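The values are calculated or read from the model by the stated rules, or taken from the named source; none is laboratory data. Small disclaimer: the values here were computed from a predicted structure and weren't measured. Neighbour counts run over all protein chains shown; Cβ positions are idealised from the backbone, glycine included.
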Amino acid sequence: MIYLLDANVLIDANRDYYPIKRIPEFWEWLVHQGKEGRVKIPLEVYEEIKVGTDDLAVWAKVKEVKEALLLEMEADPAVVSRVVDVGYAPDLTDDEVKTVGRDPFLIGYVIAIEKDCCLVTTEESKPSKQRSNRKIPDVCTDLGVLSCHSYQFFRELDFRTGWKTK
């Protein structure tokens, strides 16, 4: 299984429960999982996290991190367009497209990989949301794309601070 990470997985992990400077084992584990081919970050997500000067951006810019985690694949414009049309709405305004952001690219990669791929996000399902306000898990469900919350991902790949000695 390949897990593609949404930017919020990394942002929330650093901010809320695995700060880079306090729990470096988590970030080393992610790089290890990337080297093993189990965890990847599409270019569009990578570009979101590498901006700035915070700890996450500094971490993302490390050559080993980028090489291990960056997905070596380009987005298929036709797939991304289908994600937008079916998952959000075929007639989004420019402002709505900005609100949706890069999520259609991330979902599109999971579709393009086709099998044994799961999108990881911290977003919660909110089926009542419409158009550009839809949440990733709901769009994934509508498109038949596998997704999970970051906590499920951590459990499935068995993250633990002593992972190197396991």
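Considering only residues that are over 13 Å from VAL9 (Cβ atoms) and either of a type outside the set (D, E, K, R) or in contact with a His (Cβ under 7 Å, 6 or more places away or on another chain) (or both), which ones fall in the stretch 35-59?
GLY37, LEU43, VAL51, GLY52, THR53, ALA57, VAL58, TRP59
I'm told VAL51 meets every condition in (1) of a type in the set (A, V, I, L, M); (2) surrounded by 16 or more Cβ atoms within 10 Å (Cβ to Cβ); (3) modelled with pLDDT under 95 except one. Can you identify the failing condition by its number?
(2)
Collect the residues in the stretch 103-126 that are touching a residue at least 60 places away in the same chain (Cβ under 8 Å) and on the phi > 0 side of the Ramachandran plot, keeping them in residue-number order.
ASP116
Residues of the stretch 136-158 being crowded, with 17+ Cβ neighbours inside 10 Å and either assigned to a loop (DSSP other than H, G, I, E, B) or of a type in the set (S, T, N, Q) (or both), which ones?
Listed by number, the residues that qualify are VAL145, SER147, SER150, LEU157.
Give the stretch 82-121 a look and list any residue that's surrounded by fewer than 18 Cβ atoms within 10 Å (Cβ to Cβ) and either assigned to a helix (DSSP H, G or I) or of a type in the set (Ser, Thr, Tyr) (or both), or say none.
Scanning the stretch 82-121 gives ARG82, ASP85, VAL86, THR93, ASP94, ASP95, GLU96, VAL97, LYS98, THR99, ALA112, ILE113.
Any idea which residue in the stretch 20-37 is surrounded by the fewest Cβ atoms within 10 Å (Cβ to Cβ), counting only those that are free of Cβ contacts under 8 Å to residues at least 40 places away in the same chain and of a type outside the set (D, E, K, R)?
GLY37
Residue by residue, here is whether (1) under 30 Å from TYR18 (Cα atoms); (2) out of contact with any Ser or Thr (no Cβ under 9 Å at 6 or more places or on another chain); (3) not polar (S, T, N, Q) holds:
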site: VAL84; (1), (2), (3): no, yes, yes
site: PRO104; (1), (2), (3): yes, no, yes
site: LEU119; (1), (2), (3): yes, no, yes
site: PRO127; (1), (2), (3): yes, no, yes
site: LYS135; (1), (2), (3): yes, no, yes
site: GLU156; (1), (2), (3): yes, yes, yes
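Can PHE153 be described as under 18 Å from the mean Cα position of the chain (by Cα), within 15 Å of ARG38 (Cβ to Cβ), at pLDDT 95 or above and not polar (S, T, N, Q)?
The answer is yes for PHE153.
When you scan the stretch 1-51, how many residues do you find that are touching a Pro at 6+ places or on another chain (Cβ under 9 Å) and within 12 Å of LEU69 (Cα to Cα)?
Qualifying residue count for the region: 2.
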